[in-house]
1. Which one of these is under 22 Å from Ser506 (Cα atoms), assigned to a helix (DSSP H, G or I), open to solvent by 20 Å² or more (accessible area, probe 1.4 Å) and modelled with pLDDT of 90 or more: Glu236, Glu175?
2. Does any residue in the range 254-265 that is over 19 Å from Trp181 (Cα atoms) come within less than 7 Å, Cβ to Cβ, of a residue that is buried (at least 20 other Cβ atoms within 10 Å of the Cβ) and not basic (Lys, Arg) six or more places away or on a different chain, and which pairs are these?
3. Scan the range 352-359 and tell me whether some residue there is touching a helix residue (DSSP H, G or I) at 6+ places or on another chain (Cβ under 8 Å), of a type in the set (A, V, I, L, M), open to solvent by less than 10 Å² (accessible area, probe 1.4 Å) and more than 30 Å from Ser196 (Cβ to Cβ).
4. Looking at Phe549, is it at pLDDT below 75, part of a helix (DSSP H, G or I) and within 22 Å of Ser52 (Cα to Cα)?
5. What residue, among those in the range 286-316 that are buried (at least 22 other Cβ atoms within 10 Å of the Cβ) and either among the acidic types (Asp, Glu) or over 18 Å from Leu251 (Cα atoms) (or both), is farthest from the chain's Cα centre (by Cα)?
6. Identify the single condition in (1) open to solvent by less than 20 Å² (accessible area, probe 1.4 Å); (2) farther than 21 Å from His438 by Cβ; (3) not in a loop (DSSP other than H, G, I, E, B) that Ile249 does not satisfy, given that it satisfies every other one.
7. I need the full set of residues from the range 76-99 which are open to solvent by less than 50 Å² (accessible area, probe 1.4 Å), modelled with pLDDT of 75 or more and out of contact with any Pro (no Cβ under 9 Å at 6 or more places or on another chain), in order please.
8. Test Arg319 against the stated conditions and say whether it is under 21 Å from Val357 (Cα atoms) and either open to solvent by 20 Å² or more (accessible area, probe 1.4 Å) or in contact with a Lys or Arg (Cβ under 7 Å, 6 or more places away or on another chain) (or both).
Amino acid sequence: MAEAATGFLEQLKSCMVWSWTYLWTVWFFFMLFLVYILRVPLKINDNLSTVSMFLNTLTPKFYVALTGTSSLISGLILIFEWWYFRKYGTSFIEQVSVSHLRPLLGGVDNSPPSNSNTSNGDADSSRQSVSGMIGLIAEVYFVLIPDYSLNNTSTCRNTECKVWRNPLNLFRGAEYNRYTWVTGREPLTYYDMNLSAQDHQTFFTCDTDHMRPADAIMQKAWRERNPQARISAAHEALELNYRCATAFILLAEEEATTIVEAEKLFKQALKAGEGCYRRSQQLQHHGAQYEAQHRRDTNVLVYIKRRLAMCARKLGRTREAVKMMRDLMKEFPLLSMFNIHENLLEALLELQAYADVQAVLAKYDDISLPKSATICYTAALLKARAVSDKFSPEAASRRGLSTAEMNAVEAIHRAVEFNPHVPKYLLEMKSLILPPEHILKRGDSEAIAYAFFHLQHWKRVEGALNLLHCTWEGTFRMIPYPLEKGHLFYPYPICTETADRELLPSFHEVSVYPKKELPFFILFTAGLCSFTAMLALLTHQFPELMGVFAKAFLSTLFAPLNFVMEKVESILPSSLWHQLTRI
């Protein structure tokens, strides 16, 4: 009984909503009919004649001022709308309409759009026929694959715009500063460097630093904004304690102008860091302060060894770098915050040790671990390597894709879904810049960091870039609404553009996905502004001709209305109101 009553109430509510949605049309026609009936008592015809006479007495200057003012107002609205769209990514008028007017006109539909197979217009317009054929074949295959989407994982949604330390970040003195000296451009933003300062304070300081003069100086140095002041503070700390490992780290990162100099300083830091680590390891169980100091010394030692491995990799000693990274991962298996496995993957790809790369991926490409562009695109590269040398788009469109080719396409689609910005850099459709010190997962900053180091590995595999070029755009057909629903991953974050603009330098054009189209009201105000400005100019230059044109336009515009009025007059005489009053 209660269910029947609830169903009746829901049906009654839906009927009321439907009636109020369309009742305004009935009310509109009723008001038109009432105005027509009351046209004689209200003297509408006389008032219209008066208005017509008044308009005829106006000079062309009035119309110039009218159209000019309209153009000015619409131009100001256009400027505000454009500024609001550039800052917030939406139209102000559209947002107000959806937020305040739409609920009053019939409620808000909260149901997400269906995940249909209609593709994005921009992607379809630029997609080649061969790419579309291969993407369609792959899409039929993907229907049979179970959905591993993480849409309902709240932890992923909470950390979707978390900024991560770039595991392959360059050296400031030996690489970033050299770029500045040559080009005069700053490759790092203040926001990025501020995040690095926070990282250094977290990893390289502890609560007991004030008890040691050299560490107290370095604690202040990591907070210093001026690079020269930081370097001076590091030298001062070394004068007080020649075994201050963090001072050597700062000098290696910022003062050394070559990788060779940086490696020498890191080796000195390693000797000092190992001694501090052994001493704190013996005292770590004596209290909370000793435990915090041991944790700091562990972070310092891991950082030094990782940077020494990176120096060896940059100086061409790749096998030595791989050994150092493996030893480091075995010695400190729980310190995954540094993402040393990504450094290891890049070094193994340089050695073309693809079996070892596959072994590393098998360990870290797990659904319970956070993904990265390095993991997804390296997995795609390995699968593409098996078929790319013999792959032909024409042959694939005729006979269909083989199992191995389908696996490669699936891996490429998976990687593109995770980070859709990478293919344009790998295919050299977009220019690369130096990667930042911090990246945003699935953002443009991560795509730059990956392509900067891994483009050479894709070029080394014959046909891999050709396979990527033919198949990567097919991903967007499977995800027509990437902000609402993903296919293999959770929906694409909406905050990546804002975070990437803070991480990347201003001279770089940030890649945006999905591509934002100009709102209707910006186009409308732009058209209105230009149209009224043109009318003002023509009325000022040719007042008589524009007057004739305006009269002809208005007479043509109101001709259908006059025709309808005449027909209604023949059906309903003007004396109908007097007859109704007599009744």
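1. On the way: Glu236 fails: under 22 Å from Ser506 (Cα atoms).
When all the criteria are applied, what remains is Glu175.
2. Partner pairs satisfying both residue conditions: Glu263/Leu308; Glu263/Cys311; Leu265/Phe248; Leu265/Leu251; Leu265/Ala252; Leu265/Ala256.
3. No, the range 352-359 contains no residue that is touching a helix residue (DSSP H, G or I) at 6+ places or on another chain (Cβ under 8 Å), of a type in the set (A, V, I, L, M), open to solvent by less than 10 Å² (accessible area, probe 1.4 Å) and more than 30 Å from Ser196 (Cβ to Cβ).
4. Values: at pLDDT below 75: no; part of a helix (DSSP H, G or I): yes; within 22 Å of Ser52 (Cα to Cα): yes.
Taking the combined requirement at face value, the residue does not satisfy it.
5. Gln293
6. Among (1) open to solvent by less than 20 Å² (accessible area, probe 1.4 Å); (2) farther than 21 Å from His438 by Cβ; (3) not in a loop (DSSP other than H, G, I, E, B), the lone unmet condition for Ile249 is (2).
7. Leu78, Tyr84
8. On the way: under 21 Å from Val357 (Cα atoms): yes; either open to solvent by 20 Å² or more (accessible area, probe 1.4 Å) or in contact with a Lys or Arg (Cβ under 7 Å, 6 or more places away or on another chain) (or both): yes.
The answer is yes for Arg319.
The values are calculated or read from the model by the stated rules, or taken from the named source; none is laboratory data. Just so you know, these numbers come straight off a predicted model, no measurement behind them. Positions of Cβ are generated from backbone atoms using ideal geometry, with glycine treated the same way; all protein chains shown enter the neighbour counts. The accessibility values were calculated without ligands, DNA or RNA, using every heavy atom of the protein model including side chains. Shrake-Rupley method; radii C 1.70, N 1.55, O 1.52, S 1.80 Å.
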